[in-house]
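The structure appears below as structure tokens.
The values are calculated or read from the model by the stated rules, or taken from the named source; none is laboratory data. No experiment lies behind these values; they were computed from the predicted model shown. Calculation scope for accessible area: heavy atoms of the full protein, side chains included, ligands and nucleic acids excluded. Shrake-Rupley method; radii C 1.70, N 1.55, O 1.52, S 1.80 Å.
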Amino acid sequence: ALVGLGRLLRAKGRTEEAIEVLRATDTNDIEGALELGLAYRDFGLPDAAIEALSRVVALVPTDPRPHRPLVELIGKTPGDARLGGVLARASEVLGDDLELQRQYAAWALDHKRPDEAIVACQRALAIKPTSSEANFGLGSAQVATGKLDEARETLSILEPLDAPKAAELRRAIEAAAPALTVTKPAATHAKASKTKASTKKRKRARRGGKRR
């Protein structure tokens, strides 16, 4: 009854009254906590709203309703360390939310987490394969993880969708390719040197054995 009354008051714009009613609900009441969080949000109390909505997520992690408001509230504070975790959970629960997947991918790329960006971009592309933003994000993340062949495949998809973004991705691939080419011979040389040293050591051991 209290939740229903609080929801009604909130719908009528009587937010302060709704908060008073909803605060009387049990702290483990999912519907009460959800409505209270939304009422706090509407009343301009973001910290209280985040606390109430986070309680809903803790009680029922798969409930889709609190995730989007949480992302919006926490995202308003630049550099809030909680945003990454909130985006990760929200993107998993709301797998069909294209904008949310793109937002998570952008955050992951900005914070040097390309593996997470790849997952988010792939979800976005499952919803909208022609998304130039998601294809560009995927290609950028593939470059960041050294998956240049996959990045080239993504580039071929991006080219007819968005020429400027495709040109930017192509430059990133070309810039990354020499770095990988230089690294491989160096690694090969180190391996060869190690093998040569090991061979000399075995020869010395054999000569020592013959002397004995």
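Here are some notes:
- Cα coordinate range in the range 1-61, projected on the principal axes (Å, largest first): 29, 25, 15
- Prolate/oblate/rounded call for the range 52-95, Cα gyration tensor, a/c under 1.5 rounded: prolate
- Orientation-averaged projection of the range 1-155 equals 9.7 nm² [convex hull of Cα atoms, one quarter of hull surface area].
- Rounded to the nearest whole Hz, the Karplus-based 3J(HN,Hα) values (6.51 cos²θ - 1.76 cosθ + 1.60, θ = phi - 60°) of the range 7-20 follow the sequence 5, 5, 5, 5, 5, 8, x, 8, 5, 4, 5, 4, 4, 4, with x at glycine and proline.
- Largest accessible area first, the listed residues ILE157, ILE74 line up as ILE157, ILE74 when surface is computed with a 1.4 Å probe on the assembled protein chains.
- Straight-distance candidates among the aspartates and glutamates for linking to LYS12, with alpha-carbon spacing under 20 Å and chain neighbours fewer than 8 residues away dropped: GLU20, GLU31, GLU35, ASP42.
- Shape box of the range 78-167 [Cα atoms, principal axes, largest first, Å]: 35, 25, 21
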